[in-house]
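Before any comments, here is the structure.
The values are calculated or read from the model by the stated rules, or taken from the named source; none is laboratory data. This structure is a prediction, so every number in the text was calculated from the model and none was measured. Neighbour counts are summed over all protein chains in view; Cβ atoms, including those assigned to glycine, are modelled from backbone coordinates with ideal geometry.
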Ligand code: NDP
Ligand code: 2IT
């Protein structure tokens, strides 16, 4: 057994049942062999054991009162995974499926993603099994206030800076920030994704989706292609999906399908994004509505069918493991050329292998492809510290530069170890090298 295999084996034994965490760790660790071989000192320093063990895991009770006057109890989580290169940074997810395994997989991914941005941010993630769907505005506020009444003591602008993720958008960040400010009496950059009137950054809302398109466009450019005329699938219809669709359309792509957790819409004329925004951002409704409002559009129950639609570009932007081996094979059989992950870990390990073994498919993994969101969060932190605002043009230009650099860095890292075009290896290695160097410099901590 190699050092890497032994660490992975121990990790599975010491964290039983955490299947998403095992999956993310497997994907990452097995690609790090070449770096580990080049640095025999890492084993003696137990670097991988430390890298895969969160620095701190905070679990707490969140009690709140619903509109019927009944007390509800949810679980709260914040995993402060790694602060070697900067304060813990990463989103909060509110979704009934949330458990420790999911928060740990997201946190582990976040360490390398944040490193890839080139900015000084460590990795963390948090959230709750609270389900925001169908809750009144007052219930959302009551939950957020209770959540922050515990979380505030663990975070800070130079310690740990949460942001949004699934189920946490501008409204939730607003309530969380309001409660933090009330308790601590500090108006600082302790959360990102804030509203523009109280410290938020222009382009943060669009950043993950736009960044996904910028990096994919760069991969296309390197091969002499562009988004123009490319038939594109975007799964999800939340924050990442909407702005990925917007930028892809701006670059000339024809986006023909989007979905939510109930089903997908197919619109062969190209998705009318204004209708999606009205349904999702304004009415908080279901994607099914789209087919009632747009002539020629069809609605299908269930999400999986979206991957059977023939396309050139597939952009999974909903959730983990939404593309399994069967869906990957359907995409490949229908001629997909680019798969870029907007969501975190949307492809299963088997799906990733299928994409990598298929000739002519470019696969851009999440930690590189969706890094634009957290990168712009770091730009928001910089603006907060400097007590100033940059224009949208300035932020957008910085975001684009960051995404273009990530593409070339992962491409270079893959080539350096003889795995040309393998961006899973490239992203893991390029992200890990910097974190490893910082951890070694800090000694045994
Ligand atoms: P949102 O809550 O805004 O949207 C999530 C979308 O995905 C919704 O359309 C939702 O449908 C769908 N979805 C969620 N869970 C499931 C599920 N179990 N099955 C099928 N569909 C599902 O979240 P975001 O757009 O912010 O996040 C989407 C993905 O992008 C996540 O993986 C997140 O971790 C990742 N990400 C987000 C970043 C950000 O800045 N927000 C940055 C980088 C990555 P429904 O409404 O029916 O639940
Ligand atoms: O997965 C992610 O990178 C995010 N949800 C964004 C995190 C952030 O701190 O902006």
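Suppose we filter 92, 119, 112, 151 for residues that are more than 23 Å from residue 200 (Cα to Cα), within 16 Å of ligand 2 (Cβ to nearest atom) and either modelled with pLDDT of 95 or more or part of a loop (DSSP other than H, G, I, E, B) (or both); which single one remains? Explain how you work it out, then say what you get.
Details: 92 fails: more than 23 Å from residue 200 (Cα to Cα); 119 fails: more than 23 Å from residue 200 (Cα to Cα); 151 fails: more than 23 Å from residue 200 (Cα to Cα).
Every option except 112 fails the conditions.
Would you mind finding the one in 342, 360 that is more than 16 Å from ligand 2 (Cβ to nearest atom) and either in a loop (DSSP other than H, G, I, E, B) or in contact (Cβ under 8 Å) with a residue 40 or more places away in the chain (or both)?
Working: 342 fails: more than 16 Å from ligand 2 (Cβ to nearest atom).
When all the criteria are applied, what remains is 360.
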Any chance residue 217 is in a helix (DSSP H, G or I), within 16 Å of ligand 1 (Cβ to nearest atom) and buried (at least 21 other Cβ atoms within 10 Å of the Cβ) | no
Would you point out which residue out of 335, 372 is out of contact with any strand residue (DSSP E or B) (no Cβ under 9 Å at 6 or more places or on another chain) and part of a loop (DSSP other than H, G, I, E, B)?
-> 335
Which one of these does residue 120 not meet: (1) away from ligand 1 (no atom under 16 Å from the Cβ); (2) touching a strand residue (DSSP E or B) at 6+ places or on another chain (Cβ under 8 Å)?
-> (2)
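Quick one: is residue 368 away from ligand 2 (no atom under 15 Å from the Cβ), farther than 30 Å from residue 187 by Cα and buried (at least 19 other Cβ atoms within 10 Å of the Cβ)? Lay out the reasoning, then the answer.
On the way: away from ligand 2 (no atom under 15 Å from the Cβ): no; farther than 30 Å from residue 187 by Cα: yes; buried (at least 19 other Cβ atoms within 10 Å of the Cβ): yes.
No, not satisfied.
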Qualifying residue in the range 264-281 (condition: in contact (Cβ under 8 Å) with a residue 12 or more places away in the chain, crowded, with 18+ Cβ neighbours inside 10 Å and within 16 Å of ligand 2 (Cβ to nearest atom)) | no
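May I ask you to say which residue of 237, 226 is assigned to a loop (DSSP other than H, G, I, E, B), crowded, with 20+ Cβ neighbours inside 10 Å and touching a helix residue (DSSP H, G or I) at 6+ places or on another chain (Cβ under 7 Å)?
237
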Out of (1) closer than 30 Å to residue 24 by Cα; (2) outside any strand (DSSP E or B), the one residue 257 does not meet is (2)
With respect to residue 130, is the statement that it is at negative phi, crowded, with 24+ Cβ neighbours inside 10 Å and assigned to a loop (DSSP other than H, G, I, E, B) true?
-> yes
